[in-house]
1. So what's the angle, to the nearest 10 degrees on a 0 to 90 scale, between helix 303-316 and the longest Cα principal axis of the chain?
2. Tilt of helix 123-132 relative to the longest C-alpha principal axis of the chain, in degrees (0 to 90, nearest 10)?
3. On C-alpha positions alone, give me the angle between the axis of helix 202-213 and the longest principal axis of the chain, in degrees, nearest 10.
4. With label points built 7 Å along Cα→Cβ from the Cα atoms of Asp101 and Ala65, find their separation and express it in nm.
5. For Lys320, list the lysines whose Cα falls under 24 Å from its own Cα; do not include residues on the same chain fewer than 8 positions away.
6. Near Lys98, which lysines are there with a Cα under 19 Å away, not counting those fewer than 8 places off in the same chain?
7. Choose one answer from Asp84, Asp184, Asp271: the residue with the largest mean-square fluctuation in a GNM of the chain with alpha-carbon springs under 10 Å.
8. Between Leu153, Leu300, Leu179, find the one with the highest GNM mean-square fluctuation for the chain; connect C-alpha pairs within less than 10 Å.
Amino acid sequence: MTSRPSAENRPVALFVLGNGRSGTSALARVLSLCGGSLPPGLLGATSENPRGFFEARAVIHLNQAILHDHGSSGYDMALDSYLDGTFDADRNGVWVAKLRDYLTSLPAAPVLIIKEPKTTTVSGIWFEAARQAGFDVAAVVAVRHPDEIIGSLEKRANQQNYVDSSPELTCAWWLKYSLLAERDTRAVPRVFVEYTNLLADWRRELKRISTALAIDLDANDEVDEFLTPDLRHHQTRGPATEPFGTDWITTVYDALAAAARDERWDEADLDRVFQAYGASERGFRQAFKDSRRYLNVDRLLPPFVVKLGLESLALVHRRKGTWA
């Protein structure tokens, strides 16, 4: 954890980052009940999240627009754009200005909470915009066992007729968002909070956040009414699913879980996974793209056409030599 110098009396833009279904909504609400301020115009509660999302509709729109402008999406698995700096703040001055204008339009608050999962994919642009808007920047990174997220998404798909995502796809999303949340917050004050720990003892986690980020947050008993046990539908204590024949998921989860316990961990382990996943995803993506071209051609050649073509070639060669 990195502490923010407390001498400056600037407002703080506190970004809640991490993969969706990792407890980001719960974290944002706890922070808002204990002294932080949420932007107006929130996404309201739905059957998917009956307690509420605690994210501004304007932030959702802005993130979607930035990603769309770069030919990307919140559902994109690729890391290419992050390996080549596409989303670096210095390449996105227009978007930095738009986000700065949004942030300066918000009511003044000592601690402003910005939460929306796709923010994780464009956090560098948001951080620079916040600085230009007069904020100090800090981050809370939500951590959750990936198998619990797999279970959560499966339940949502079954109950609400959502498009089902395979465990493999969910793991790819989790890997990308977790790697970006850690990698892109190295230069700002940050703290990692595991969803399990937040539900078990939110006062302890609130103190960790306050101490690590040097911000004033005060326990509020209303949190007890909000963080009820039914918020956690899936519990996993075993090893993480490894769908890619690697140790990537386990390595990343173990590191972030250790960080959430204030234990030692090594950024180099995550750098290794970042590079390996980026290269492998890019390579297989190209291979599958090329493979589809061959498959499309092959679909135009039913077996009887192939047989007819081969026999015709044999006749052209008079069935001599190796054509006999």
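1. On a 0 to 90 degree scale, this one is about 40.
2. 30
3. Computed tilt is about 90 degrees.
4. 0.8
5. Of all the lysines, those that pass the test against Lys320 - Cα under 24 Å, at least 8 places apart if same chain - are Lys307.
6. Correct list for Lys98: Lys115, Lys118.
7. Taking springs between Cα atoms under 10 Å, the residue moving most is Asp84.
8. Among Leu153, Leu300, Leu179, the largest mean-square fluctuation in the Gaussian network model of the chain belongs to Leu300.
Since every read-out is calculated from the coordinates, none of them should be taken as a lab result. Computed from a predicted structure; not experimentally measured. All Cβ positions, even for glycine, are placed from backbone atoms using ideal geometry, and neighbour counts span all protein chains on display.
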